[in-house]
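Here's the structure we're looking at; comments come further down.
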Amino acid sequence: MMYQFLDPSPPLPLSPSPMSLTETLLATLPSTLEGLQNADERWRSLRQDPQTPATVVTESPNLLPTVEWDLVICGGTLGILLATALVQRGYRILVLEQGILRGREQEWNISRQELDNLVALGLLTTTELEQAIASEFNPVGIRFNQQEIWVRDVLNVGVDPVYLLETLKQKFLRAGGQLLEQVRFKQAIVHPNGVEVQGEARSHPDSVPPSITTRLLLDGMGHFSPITQQARAGQKPDAVCLVVGTCATGFPKNDSADLIASFTPIQNQCQYFWEAFPARDGRTTYLFTYIDAEPDRPSLQSLFDEYFRLLPTYQQVNLDSLEFKRALFGFFPCYRQSPLQSPWAHILAIGDSSGAQSPLSFGGFGSMIRHLERLTVGIDQALSLNQLDRPALAVLQPYQPNLQVTWLFQKTMSVAMDQSLPANQINQLLADIFQEMQKLGDPVLKPFLQDVVQFGSLSQTLTHAAIAHPLLILNILPQVGWLALLDWMVHYSALGGFALLHRLAPHLQPWIKQRSVTQQYFWQRRVDAWKYGSGNDYHG
């Protein structure tokens, strides 16, 4: 399919009107419009209202008389992955989930080889893994302007979250873990020897112990975790990915997918990007854009109106032919200070709460799977050695230069509210960069498409792009600014340093093994940081 680089119709003003196209098309999906309005209100509040997070974590100098649990995890959707891995190692673990621990209907997209971590850690058998895969497809496209690039076996698997989470949940319970559903986190008091956690039941208050004590508290409650909000002191996000989409039937048969596509110029101070994936019960399509959190940014409903306006051109289909199964929407805040370093002992952020993914990605599942082995081993050692103070937990979420260098990429894919850029600049830049990556082959292209940046691949890409397109840097400098470029150069240099240290790490292992067990813990976390921070955890 080739796209014409033009608008099929004039852009809509980004302010929803009464009975908009979105309201009309989604009116048949129960509770969808109400959920969209609630999400929009939260998005509006983030943009326009001063953020004053509640104080949910306090500290006490007194020792807890007894500590019942080794580990309490708040937030079960991704937390159940770590909970199941660690309960199998003999720890006393409690999971608090504010709803029912059940996966959503919409599949999670990931590359098949990344799922091997679930088998390697003993979370799934190979048979269970195959049953968890709801869909698999090839090839996957990258499209900008008239250029199309196709790759295979990248984010081409759809995992069934309902089956996956139910399977892990039952394994967790059978191994001795305890789960409290319909219980939300209320507050925590950090003591020198642990944390006292208070939960609040949505019904049947007597079902929640008045006090839950644990050696370590994992915050897996997501971007809007009250613990994370307090830790970030109400900071406004540095960037946001705004996403809307649907899963629907009625599309022409198409077994391929789009990882990222763009066929319109900049409009409404946004560059629109698309994704499309075959799903078990239809075809999923997303429209997303990278923006800041300025007050005049569009609402989710406004972006949905644009989605429905452009979808017929994108997928070559009439809206009247589609039957919408569900709507998908959200906004994903990103912070430069990530992964999040906890300001307290005995508390560690994981998953989306930690921000341990690049600002280009809005998939917390993939990031969790990637870091699952590292976190499982690290938390296991922290618990066994009682290394639960701030410095010991900080090394479990270390600085990762391969994530930090992507901030410049995010900036080149977004438009500030006060900027005036050539309408096709972003699409042309991306077309040029991906063209050079394609020439360098799968070893360069595939890791990047899976949110993994490596020093060698990045250096090759930039060198080839600078030779083939000598005005490239001059064109993007007015957009990103000198300060952003200088900041990127610092992280790029660190990326090279981490890659070198990773290569030297095997030679350090004999020396590390001669240290004390506490020193070994810290040195092994450094070795992990070099490996993951340089992107060398990737196996294509």
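The values are calculated or read from the model by the stated rules, or taken from the named source; none is laboratory data. On a predicted model such as this, the values are computed, not experimentally measured, just so you know. Cβ atoms come from the backbone with ideal geometry, glycine included; neighbour counts cover every protein chain shown. The area values use the complete protein model at the heavy-atom level, side chains included, leaving out ligands, DNA and RNA. Shrake-Rupley method; radii C 1.70, N 1.55, O 1.52, S 1.80 Å.
Under the 0.36 nm per residue contour assumption, what length would be gained going from the current alpha-carbon distance of ALA120 and LEU504 to full extension?
135.7 nm
Probe of 1.4 angstrom, ligands and nucleic acids ignored: what's the accessible area per residue over segment 267-421, in square angstrom?
In whole numbers, segment 267-421 has 29 Å² accessible per residue.
So what is the diffusion coefficient of the chain in µm² per second by Stokes-Einstein at 25 °C and 0.890 mPa s, using a Kirkwood Rh over Cα pairs?
Reported coefficient: 100 µm²/s.
Less than 17 Å apart at the alpha-carbon level, and either on another chain or at least 8 residues along: which aspartates and glutamates does that give for LYS253?
GLU136, GLU275, ASP281, ASP320, GLU323
Could you tell me the relative contact order of the chain? Use alpha-carbon pairs under 8 Å, at least six residues apart, and round to a whole percent.
17 percent
Could you name the lysines whose alpha carbon sits less than 30 Å from that of LYS411, not counting residues in the same chain fewer than 8 places away?
Hits, sequence-local ones excluded: LYS236, LYS439, LYS446, LYS531.
Calculate how large, on average over all directions, the projected area of the Cα convex hull of segment 191-248 is; give the answer in nm² to one decimal.
So the mean shadow area of the Cα hull is 7.4 nm².
So how strong a dipole does the chain carry about its Cα centre when Lys and Arg Cβ are +1 and Asp and Glu Cβ are -1, to the nearest 20 debye?
1260 debye
Quickly rank 349-361, 232-244, 65-77 as a protection proxy: mean count of other C-beta atoms within 10 Å, highest first.
The densest-packed peptide leads the list: 349-361, 65-77, 232-244.
Per residue, how much accessible area does segment 144-228 show when a 1.4 Å probe rolls over the protein heavy atoms, in square angstrom?
For segment 144-228, the per-residue accessible area is 40 Å².
Run the helix sum for the chain: -39,500 (n - 2.57) per DSSP H stretch of 4+ residues, divided by residue count, reported at 222 nm to the nearest 500 deg cm²/dmol.
That comes out to -12500 deg cm²/dmol.
Work out the FRET efficiency for THR58 and LEU483 from their Cβ-Cβ distance, taking R0 = 30 Å, and round it to the nearest 0.05.
Here the calculated transfer efficiency is 0.20.
For ALA233 and ASN386 in the same chain, what is the full-extension length gain: residue separation times 0.36 nm, less their Cα-Cα distance, in nm?
Going from the current span to full extension adds 52.3 nm.
When the Cα centres of segment 420-459 and segment 322-371 are compared, how far apart do they sit, in Å?
23 Å
At 1.4 Å probe size, with the rest of the protein present, what percent of the exposed accessible area of the chain is carbon and sulfur atoms?
In the chain, the share of accessible area belonging to carbon and sulfur is 54 percent.
Just order 446-456, 79-89 by mean Cβ neighbour count inside 10 Å, highest at the front, would you?
Sorting 446-456, 79-89 by mean packing, highest first, produces 79-89, 446-456.
Separation between the GLU148 and ALA175 pseudo-spin-labels, each 7 Å from Cα along Cα→Cβ, expressed in nm?
With each label point 7 Å from Cα toward Cβ, the separation is 4.5 nm.
Determine the relative contact order of segment 165-302: mean sequence separation of Cα pairs under 8 Å and six or more apart, normalised by residue count, in whole percent.
Normalised by residue count, the contact order of segment 165-302 is 17 percent.
With label points built 7 Å along Cα→Cβ from the Cα atoms of LYS253 and THR28, find their separation and express it in nm.
2.4 nm
Work out, step by step, the length gained on full extension between THR463 and ARG526: first 0.36 nm times the residue separation, then minus their alpha carbon distance; give nm to one decimal.
19.7 nm
Rank-order 316-325, 264-273 by packing density, defined as the average count of other C-beta atoms within 10 Å over each peptide's residues, highest first.
So the peptides 316-325, 264-273, ranked by packing, come out 264-273, 316-325.
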